[in-house]
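Inspection log for the structure reproduced underneath, given as structure tokens.
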Amino acid sequence: MLDGDYTAAVLENIEVHVRCGLHAFEYERPNRLWVSVWQYGRLKPGEFIDYDRVRSAVVGWQSRDHVELLETLLEDVMATAFGDPLVLACRAKILKPDIFPETTGAGVEMARYRPGFAA
């Protein structure tokens with residue numbers, strides 16, 4: 001997402017069970033989600049992006065009220081990621097692996113730059 005040199009802190013396929021979705025059957029029980037997040041920065045020696053902040057936020061979704069749109073959850077990822085001043089860009093993806101039998105997963109991906117940052 002960034003031109004030139006960068007570092008990415010990566011969380012791949014965090015598995016959580018979250019009450020989400022628009023279908024009537026999705027109100028009956030939580031959906032299994034796979035959440036992946038890439039946080040990008042231009043780091044100096046000794047600096048690091050703490051991916052545990054985002055991991056904790058995602059795991060916390062399991063106790064929240066029903067959310068209809070995955071985009072709402074992705075906005076939460078972006079806000080949490082940009083809470084770290086070293087994160088200049090973020091890309092995140094949420095898949096529902098059990099939603100349709102003919103797919104590996106259905107979901108949404110979002111990518112954002114820090115407000116005010118020109119890529």
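Taking strands (runs of 3 or more DSSP E) that fall entirely within the stretch 1-105, which contain at least 1 residues that are acidic (D, E), modelled with pLDDT of 95 or more and surrounded by fewer than 19 Cβ atoms within 10 Å (Cβ to Cβ)?
Because the criterion is at least 1 residues that are acidic (D, E), modelled with pLDDT of 95 or more and surrounded by fewer than 19 Cβ atoms within 10 Å (Cβ to Cβ), the strands (runs of 3 or more DSSP E) in the stretch 1-105 that meet it are 7-18.
Can you work out which of the residues in the stretch 16-38 that are charged (D, E, K, R) and out of contact with any strand residue (DSSP E or B) (no Cβ under 6 Å at 6 or more places or on another chain) is nearest to F117 (Cα to Cα)? Please lay out each step first, then the result.
Initially, the stretch 16-38 is screened for residues charged (D, E, K, R), giving 19, 26, 28-29, 32.
Still in the list and also out of contact with any strand residue (DSSP E or B) (no Cβ under 6 Å at 6 or more places or on another chain): 19, 26, 28-29.
Working: R19: 34, E26: 38, E28: 42, R29: 40 Å.
Looking at the filtered set, the residue picked out is R19.
Just a yes or no: is a residue in the stretch 2-24 touching a Cys at 6+ places or on another chain (Cβ under 9 Å) and in contact (Cβ under 8 Å) with a residue 24 or more places away in the chain? It would help to see each step written out before you state the result.
The initial filter retains those residues of the stretch 2-24 that are touching a Cys at 6+ places or on another chain (Cβ under 9 Å), namely none.
Checking the stretch 2-24: not a single residue is touching a Cys at 6+ places or on another chain (Cβ under 9 Å) and in contact (Cβ under 8 Å) with a residue 24 or more places away in the chain.
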Check: Has the stretch 108-115 got at least one residue that is surrounded by fewer than 12 Cβ atoms within 10 Å (Cβ to Cβ) and at pLDDT below 95?
Finding: yes
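Quick check on the stretch 59-72. Is at least one of its residues closer than 17 Å to A8 by Cβ, hydrophobic (A, V, I, L, M, F, W, C) and in contact (Cβ under 8 Å) with a residue 24 or more places away in the chain? Write out each step before concluding.
From the stretch 59-72, those closer than 17 Å to A8 by Cβ are none; that's our starting set.
Looking through the stretch 59-72, none of the residues is closer than 17 Å to A8 by Cβ, hydrophobic (A, V, I, L, M, F, W, C) and in contact (Cβ under 8 Å) with a residue 24 or more places away in the chain.
The values are calculated or read from the model by the stated rules, or taken from the named source; none is laboratory data. On a predicted model such as this, the values are computed, not experimentally measured, just so you know. We place every Cβ from the backbone using ideal geometry, glycine too, and count neighbours over all the protein chains shown.
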